[in-house]
Amino acid sequence: MRDTRESRLLLVLLIAIAFALITVDIRGGQESPVDGARQAAAAVFGPVENGVAAAVDPIGNAIGAVRDSGERHTRIAALEKENAELKAELGSDDRNRNRLRELDAMLKTAGAGQYGIKGAQVIAIGAAQGFSWTVTVDVGARDGIKRDMTVLNGSGLVGRVTTVGPSTSTVLLANDPDFTVGTRMEKSDELGFATGQGDGPLLVQLLNGKAKVKTGDRLVTFGSSGDKPFVPGVPVGEIVRIDPAGGGLTRNVYVRPYVGFTKLDIVGVVVQAPQSNPRDMVLPPKPKPAPTVTVTITPPPPDGQQANENQQGGNQQGQNQQGQDRQGQDQGDATP
């Protein structure tokens, strides 16, 4: 397209329309008029993302086969092939072991909170609908997934489902700036609202501006009406920084989330809420403090006392020597 006045006006018009749609979508919430378009996009691109994720391993194997097929009759080619197969086997085992650990941790979290979950795998990062912190998972409406379901993993809160296609779903991550969840402090039950800040810690506004908090205090989800979009008791994170109390109605604290949002793989969508609030039961056990090593130092005696002790020791040694000499003389006199 040539750079003309008409093309510039068209570009400005398209940008204005895009921002208008984004504004309407955000304000519309669950009743967003563009939700249908998002679901249509998920229905179109979801199977493609699933296919790409499933095809990664076969493609890698095919590349290795083509590379080694030229000179298999030589010893060098055979060694290269064996080396490549060994590396692939070791890499696959490491990945499988890691995924097994993630799955085991997630099942323990779900069991502690009595959450009914549907396991899923992250197959794509980001979304075509905007610039949010989102991931795509390989479960959708056919698996019983609905919008505004809680998503977690073995570490804690991952996010919530925003768009559902037939076989895939989009998850808005908890560190997204548009993400907000009600929180509750461990033990003290102080309530607040956590908001994502991208790469930084979550910003939590406590409702009580005079709440007594300290670094290391932990938070869980408070829960929503009807358990959507959030079920109660899911671990959120722990406080790493506290803003000085300024006498306001609320108080800001910064929370390091338990979940690493840049390395998600196995997650679980909560399809059935617990019958009762698990409260703090899902939080991980606190690490035991390291034992304190006590070193006792005996102070040396004063200089005068040490000199007296040395003199007394010398006198005693001299007396012992004189006694031995006298004993030897007596023995000599007694000899015929």
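The values are calculated or read from the model by the stated rules, or taken from the named source; none is laboratory data. Given the structure is predicted, the values throughout are model-derived calculations rather than measurements. For neighbour counting, all protein chains shown are included, and Cβ atoms are generated from backbone atoms with ideal geometry for every residue, glycine included. Surface areas here come from the heavy atoms of the whole protein model, side chains and all, with no ligands, DNA or RNA. Shrake-Rupley method; radii C 1.70, N 1.55, O 1.52, S 1.80 Å.
Identification of strands (runs of 3 or more DSSP E) wholly contained in region 161-246 with 1 or more residues that are open to solvent by 40 Å² or more (accessible area, probe 1.4 Å) and within 29 Å of Ser276 (Cα to Cα) yields 180-185, 191-195, 202-206, 235-242. Of the set (1) modelled with pLDDT of 95 or more; (2) in contact with a strand residue (DSSP E or B) (Cβ under 6 Å, 6 or more places away or on another chain), all apply to Gly209 but (1). Being at pLDDT below 95, assigned to a loop (DSSP other than H, G, I, E, B), among the polar types (S, T, N, Q) and open to solvent by 50 Å² or more (accessible area, probe 1.4 Å), is that true of even one residue in region 122-131? Checked region 122-131: at least one residue is at pLDDT below 95, assigned to a loop (DSSP other than H, G, I, E, B), among the polar types (S, T, N, Q) and open to solvent by 50 Å² or more (accessible area, probe 1.4 Å). Restricting region 262-291 to residues that are under 17 Å from Lys228 (Cα atoms) and of a type in the set (Gly, Ala, Ser), the residue that is most open to solvent (accessible area, probe 1.4 Å) is Ser276.
With respect to Ala174, is the statement that it is under 25 Å from Leu107 (Cβ atoms), in contact with a Gly (Cβ under 9 Å, 6 or more places away or on another chain) and without any contact (Cβ under 8 Å) to a residue 40 or more places away in the chain true?
Working: under 25 Å from Leu107 (Cβ atoms): yes; in contact with a Gly (Cβ under 9 Å, 6 or more places away or on another chain): yes; without any contact (Cβ under 8 Å) to a residue 40 or more places away in the chain: no.
Considered against the rule, which asks whether it is under 25 Å from Leu107 (Cβ atoms), in contact with a Gly (Cβ under 9 Å, 6 or more places away or on another chain) and without any contact (Cβ under 8 Å) to a residue 40 or more places away in the chain, Ala174 comes out as no.
In the set (1) in a loop (DSSP other than H, G, I, E, B); (2) hydrophobic (A, V, I, L, M, F, W, C); (3) open to solvent by less than 30 Å² (accessible area, probe 1.4 Å), the condition left unmet by Leu249 is number (3). Count of region 252-263 residues, restricted to those that are assigned to a loop (DSSP other than H, G, I, E, B) and touching a Leu at 6+ places or on another chain (Cβ under 8 Å), is 3.
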